[in-house]
1. Test PRO272 against the stated conditions and say whether it is under 30 Å from ALA436 (Cα atoms) and either of a type in the set (S, T, N, Q) or outside the structural domain of ALA398 (by the TED database) (or both).
2. Scan segment 469-494 for residues that are under 20 Å from VAL425 (Cα atoms), touching a residue at least 12 places away in the same chain (Cβ under 8 Å) and open to solvent by 20 Å² or more (accessible area, probe 1.4 Å) and jot them down.
3. Over 28 Å from LEU169 (Cβ atoms), in contact with a strand residue (DSSP E or B) (Cβ under 8 Å, 6 or more places away or on another chain) and free of Cβ contacts under 8 Å to residues at least 60 places away in the same chain: does that describe CYS81?
4. Take THR140 and decide whether it is open to solvent by less than 10 Å² (accessible area, probe 1.4 Å), under 30 Å from GLY458 (Cβ atoms), β-branched (Val, Ile, Thr) and at pLDDT 90 or above.
5. Hey, does segment 46-56 have a residue that's more than 25 Å from SER185 (Cβ to Cβ), hydrophobic (A, V, I, L, M, F, W, C) and touching a residue at least 40 places away in the same chain (Cβ under 8 Å)?
6. Which one of the conditions (1) touching a residue at least 24 places away in the same chain (Cβ under 8 Å); (2) under 18 Å from HIS38 (Cα atoms); (3) not small (Gly, Ala, Ser) does ASP115 fail to meet, given that it meets all the rest?
7. Collect the residues in segment 113-125 that are in contact with a His (Cβ under 9 Å, 6 or more places away or on another chain) and surrounded by fewer than 18 Cβ atoms within 10 Å (Cβ to Cβ), keeping them in residue-number order.
8. With segment 373-484 as the region, which helices (runs of 4 or more DSSP H) entirely inside it contain at least 3 residues that are within 17 Å of ILE227 (Cβ to Cβ) and among the β-branched types (Val, Ile, Thr)?
Amino acid sequence: MKFEDLLLEIGGFGRFQIFILFILCLPRINLPMHFLLHNFLAATPSHHCAIPHQEAFVNLTMEEVLLISIPQEPDGTYSSCEMFSQPQFHLLLNSSLQPENNSIIQHCQHGWVYDHSQFTSTISTQWDLVCEQRGLNQATATFFFIGVTMGAVIFGYLSDRFGRKAMLLVSLVFSVIFGMLSAASVSYSMLAITRTLTGVALSGVSLIILPLGMEWVDIQHRTFSGILTSIFWSIGNMLLAMVAYLVREWHWLLVAVTGPCLLSIVCLWWVPESARWLIANGKVKQAQRHLLQCARMNGRKDFTVSPEALRRMSTNKKPGQSYSYISLFRTPVLRKISLCSGAVWFGVAFSYYGMSMNLTGFGLNMYLSQFLLGIVEIPAKMIMYVLVNRVGRRQSQAWALILTGLSIGANVIIPKTFTSLRPVVAIMGKGFSEAAFTTVFLYTSELYPTILRQNGMGYTSFVARLGGALAPLVFLLDEVWRSLPEVMYCGVAVCCGSVAFLLPETLNVRLPEGIEDIE
């Protein structure tokens, strides 16, 4: 008897499963509010060098002071990082006569003046992370994703060893602690450390939610459950735009996006441990209690099951035997799955965060861009719900990622003057990107056996977060060639999408319990 047969008896998608999925969707909403927070936390408003001794120019307007103090770019805007060593009064007579002698131009010597019309404060304005320090600003997102990468390894192993629910609770508690410490940061170093630790904690939430819900759902409703959970990510995307619009001060913005984790901690009380994991680890009495609770809630009051029957369902795992990440590469089929799925996850995350962290590149207001990119994800997920059940997981995964890359590449070719077409192509690309992300979560949770599922999810999440950590740093390559970041996102997405064709199909296949089911 397999666990899938038990689900048929107790109800594979009844009130019990819907209740669990709803509770697990609460922390899911909170995830993008942290993962994409960099767009607003580290936003850089327009700025120019601070001009000393402005009181000496009492007879000049502010525009005239800027004209004689700050060099102009070819497009007529004032330089953000340079100033004249001496006032150039002749520019008052003819502003087009910009000095050709670079020796009178120097880097900002007295700090910067920022435009506070859009943001009261960000970490860029707080610690002057602009010009030569611009790399540190982008590195804030990288630090966070390095934390998420480490957390994927830690929580992937721990949740297979000590259970899904316990580790989900631990990750939520530490998310609140480190999130609030981030908001209280008094230096850039403190912020970098606390954001890294917040990433470690939130990685557990990201990693555990989907498998914990999926392991209670039957084959027929697995796809629906995966898509439903994923839709709440998109809702979090839209909520981030609204919260950031209302809260323009970075300390309070961090408090606003961290607070909802407290509600998730309270609600987790009503979520049971995964019965699949309990049976696979020989904890049959606890599994029996949760199964009877599920049957009662789903109206199957006549259902009974003995601990002995559940013990016979346990996998061939020997007493005291434990599995680690090395187990993912010991057998040939599992090794191929692990290598290919790792490549796909890297491509999905690298392209997704590359697009999501470039809100100003669409020619729209950044709050509107964030909101629209959240909205477009929902129809993309609806379409994927149909495709993964009709076409299959493998084809859907591969083509969604390849089309993401082609959309990014198309915007490299389309001229900047096509101001209406470029945002449309970008939003289409974001839709394909989210479709790829939605599918990869569902697909990966079906590829690995129960005894290694969290290890598998931890490993692939680790590789994905490497992609997420590198994505914001790639923006710095625009100094080499303005379109180089987009070319890299495009190439990686197309190559990694092609690798997905090498993975096995899992449509309408029972979730594997042990390694022998894979091999």
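The values are calculated or read from the model by the stated rules, or taken from the named source; none is laboratory data. Since we're looking at a predicted model, the values are computed, not measured. Cβ coordinates were reconstructed from backbone atoms using ideal geometry, including for glycine residues, and neighbour counts include every protein chain displayed. SASA here: full protein model, heavy atoms, side chains in, ligands and nucleic acids out. Shrake-Rupley method; radii C 1.70, N 1.55, O 1.52, S 1.80 Å.
1. Details: under 30 Å from ALA436 (Cα atoms): yes; either of a type in the set (S, T, N, Q) or outside the structural domain of ALA398 (by the TED database) (or both): yes.
Judged against the criteria, PRO272 is a match.
2. PHE475, SER483, GLU486, VAL487, MET488, CYS490, GLY491, VAL492, VAL494
3. Numbers: over 28 Å from LEU169 (Cβ atoms): yes; in contact with a strand residue (DSSP E or B) (Cβ under 8 Å, 6 or more places away or on another chain): yes; free of Cβ contacts under 8 Å to residues at least 60 places away in the same chain: yes.
Here the answer is yes, as CYS81 does meet what is asked.
4. Working: open to solvent by less than 10 Å² (accessible area, probe 1.4 Å): yes; under 30 Å from GLY458 (Cβ atoms): yes; β-branched (Val, Ile, Thr): yes; at pLDDT 90 or above: yes.
So THR140 fits the description; yes.
5. Initially, segment 46-56 is screened for residues more than 25 Å from SER185 (Cβ to Cβ), giving 48-49, 51-56.
The next check asks that each one be hydrophobic (A, V, I, L, M, F, W, C); those that pass are 49, 51, 56.
When the remaining residues are screened for being touching a residue at least 40 places away in the same chain (Cβ under 8 Å), the result is 49, 51.
Yes, because at least one residue in segment 46-56 is more than 25 Å from SER185 (Cβ to Cβ), hydrophobic (A, V, I, L, M, F, W, C) and touching a residue at least 40 places away in the same chain (Cβ under 8 Å).
6. Every listed condition holds for ASP115 apart from (2).
7. Initially, segment 113-125 is screened for residues in contact with a His (Cβ under 9 Å, 6 or more places away or on another chain), giving 113-115, 121, 124-125.
Hits for segment 113-125 are VAL113, ASP115, SER121.
8. Numbers: elements: 393-413, 421-447, 453-474.
Where helices (runs of 4 or more DSSP H) fall fully within segment 373-484 and carry at least 3 residues being within 17 Å of ILE227 (Cβ to Cβ) and among the β-branched types (Val, Ile, Thr), they are 421-447.
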